[in-house]
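What follows is calculated from the coordinates using simple rules that are stated; it is not laboratory data. Here the structure is a predicted model, which means the values were calculated and not measured. With ideal geometry, Cβ positions are generated from the backbone for all residues, glycine too; neighbour counts draw on all protein chains shown.
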Amino acid sequence: MCWPQDEETCSFLLELCEGGDLGMLLDETTKQPEAAARFYGGCVVLALRHLHSKAWIQRDLKPANVLLDARGYAKLADFGFSARLERADSRTFSMCGEKCQSPATPAKLQTRQHTCVPTAEIRRHG
């Protein structure tokens, strides 16, 4: 993996993930075996732990942002809402997420800041 960057952007280039994404896999099958759920969940937790060790948080974790390579391993994608923390144990206070972008969302929610810490990502994962 490499990341060309300039003053305003940082791009992540991943290897080809021919397996699609986790959302597509879940849509295609009615039920996944428990072993598959443990495997994909483990891949995601390991990826989050690595990001957190580098003081990054991925604030848009959902099945469509978990890509599957040709061997079935999960890779995190879409770091558009990710944030760099000052330290691995610090917090960020910012507005992010789909609920803030919806015109139907009440103004009170649109202006509220959300706290995001690395441990919250892993708890949110399940």
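Near D21, the amide H atoms lying under 5 Å from its own belong to L68; only residues 5 or more places off or on other chains count, and H is placed 1.01 Å from N.
Across segment 49-70, the residues whose backbone nitrogen lies under 16 Å from the label position 7 Å along the beta-carbon direction of E15 are 67-70.
Between A83 and T30, how high is the FRET efficiency from 1/(1 + (r/R0)^6) when r is the Cβ-Cβ distance and R₀ = 25 Å? Nearest 0.05. The partial results should precede the final answer.
Values: r = 36 Å, r/R0 = 1.44.
Efficiency, rounded to the nearest 0.05: 0.10.
Amide H contacts for R59 (H built 1.01 Å from N in the peptide plane; partners 5 or more residues away or on another chain; cut-off under 5 Å): F81, S82, A83.
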